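The values are calculated or read from the model by the stated rules, or taken from the named source; none is laboratory data. Owing to the predicted nature of the structure, the values given are computational and were not obtained by experimental measurement. Reconstructed Cβ throughout: ideal geometry from the backbone, glycine too, with neighbour counts over all protein chains shown. Heads up: the accessible areas ignore ligands, DNA and RNA and are worked out on the full protein's heavy atoms, side chains in. Shrake-Rupley method; radii C 1.70, N 1.55, O 1.52, S 1.80 Å.
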Amino acid sequence: MAFQPIVDITSGEVFAREALVRGPAGEGAGHVLSAITHTNRYAFDQQCRVKALELAARLSLPASTEKLSINFMPNAVYEPRACIRLTLSTAERVGFPPERIIFEFTESERIDTDHLLSILSTYRSIGFMTAIDDFGAGHSGLNLLARFQPDIVKLDMDLIRDIDREPAKRTVVRHTLAMLADFGITPVCEGVETVGELAALRDLGVELVQGYLLAKPAFEAFGTPVLPMP
């Protein structure tokens, strides 16, 4: 696993650490995910959860106030309560409070909406936080948001790229942020790579940001984010 921080740019504090799958020698996610099939998807999803929790605990995350964000594969979950047992037992074993665990999924994966809603509702009832990743780039989008409001929505990096130079993107993001505020959902803007993009997001009132400008993913470690001053 590698970890990349989600940073509160109003305080400079780390809000959460996202666990990103890597190969044993640091190979990228694409290299690892290319080996996933319908026969090993469930085992892979379960092992990623366990590895993320164990490594985060080894790096002393439970002793802080930071959250841990874990990506999961909805198509690997055949029954929500049965499939969450190993995660819960691992969290208990390493001393990680469930309420500080975020489960995020990407809306770019084609999934049965009713099945996904069952998973998200179950996770919320247990005490986990939930997040939609890559919002604005997937298949379900607003239809899903109308049926279930997660704790966090991460705006897709394509919406953030060059937002300081493209007025149309600023308009889309501004209205998306207003909609999320109406729902009581916390926005995260990911993929921030330039000072100009960060400045534009500050102007829009964004608080939580993730991207190479602040910190790249650190392999089996927690990097220290560097926040450019306004």
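As a summary of the residue check, Glu107 satisfies the conditions (1) among the acidic types (Asp, Glu); (2) at pLDDT below 90; (3) closer than 15 Å to Asp45 by Cβ except for the one numbered (3).
Scanning the stretch 39-57 for residues that are surrounded by 14 or more Cβ atoms within 10 Å (Cβ to Cβ) and either of a type in the set (D, E, K, R) or assigned to a loop (DSSP other than H, G, I, E, B) (or both) yields a count of 5. The condition of being under 22 Å from Pro98 (Cβ atoms) and of a type in the set (Lys, Arg) does not hold for Arg22.
One residue stands out among those in the stretch 11-38 that are free of Cβ contacts under 8 Å to residues at least 24 places away in the same chain and either in a strand (DSSP E or B) or of a type in the set (Asp, Glu) (or both): the one that is farthest from Lys67 (Cα to Cα), which is Glu27. Could you tell me which residue of the stretch 58-85 is nearest to Met157 (Cα to Cα), considering only residues that are of a type in the set (A, V, I, L, M) and surrounded by 14 or more Cβ atoms within 10 Å (Cβ to Cβ)? Here the residue is Ile70.
Of all residues in the stretch 192-211, which are open to solvent by 10 Å² or more (accessible area, probe 1.4 Å) and at positive phi? The answer is Gly205, and nothing else.
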